[in-house]
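Please read the structure below before turning to the comments.
Read-outs throughout are calculated quantities, based only on the coordinates presented, and are distinct from any laboratory measurement. A quick note: this is a predicted structure, and the numbers were derived from the prediction, not measured. Cβ coordinates were reconstructed from backbone atoms using ideal geometry, including for glycine residues, and neighbour counts include every protein chain displayed.
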Amino acid sequence: MIILTVLGGVLPLAGLIWAWRAGFRQHAALDTDLRQIARLAQASGDDNEAATRAMYAVRQPTHTYAMELYTPELVERAILRSALDDLKGPALVAVIGVISATIGSLLSLWL
């Protein structure tokens with residue numbers, strides 16, 4: 001009973017920490033790549049081909065210019081997909097924690 005109550009407090013917190021750390025790592029990697037790409041673009045001057053090759057070496061783009069009109073929608077979809085994919089594990093841990101706390105609380109009332 002005590003174990004379930006402790007799990008109920010620890011697991012949701014662990015899920016939140018897991019989600020925060022995963023998001024932070026992903027953001028840091030993307031930020032590093034985009035800063036490097038910006039430096040390459042700025043340093044390239046008029047040589048667009050060389051700049052493009054150097055930027056592609058850092059990170060491949062995820063869309064084409066044909067979809068440029070829908071950039072806000074593409075960004076929104078990418079953010080939502082990333083959030084949903086990254087939060088599956090932490091959400092499961094949090095749900096298990098809430099269920100454990102509920103069972104532990106119910107058992108403490110009953111016993």
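In µm²/s, what is D for the chain at 4 °C and 1.567 mPa s, where D = kT/(6 pi eta Rh) by Stokes-Einstein and Rh is the Kirkwood radius from Cα pairs? The Stokes-Einstein estimate is 74 µm²/s.
Annotation: extensible slack from GLN60 through ASP33 equals 8.7 nm (criterion: 0.36 nm per residue apart, minus Cα-Cα distance). The alpha carbon centroids of segment 42-88 and segment 1-29 are separated by 30 Å.
Let me know the charge dipole size of segment 20-111 about its Cα centre in debye, to the nearest 20, where only the beta-carbon of Lys, Arg (+1) and Asp, Glu (-1) is charged.
On the way: 9 positive and 10 negative charges, 91 e Å.
Using Cβ point charges on Lys, Arg, Asp and Glu, segment 20-111 gives about 440 debye.
For the chain, find the longest principal axis of its Cα atoms and tell me its angle to the long axis of helix 71-110, 0 to 90°, nearest 10. Tilt relative to the chain: about 10 degrees.
Pick from GLY45, GLY15, GLY97: which is most flexible by mean-square fluctuation in a GNM of the chain where alpha carbon atoms under 10 Å apart are linked? Looking only at GLY45, GLY15, GLY97, the biggest GNM fluctuation is shown by GLY45.
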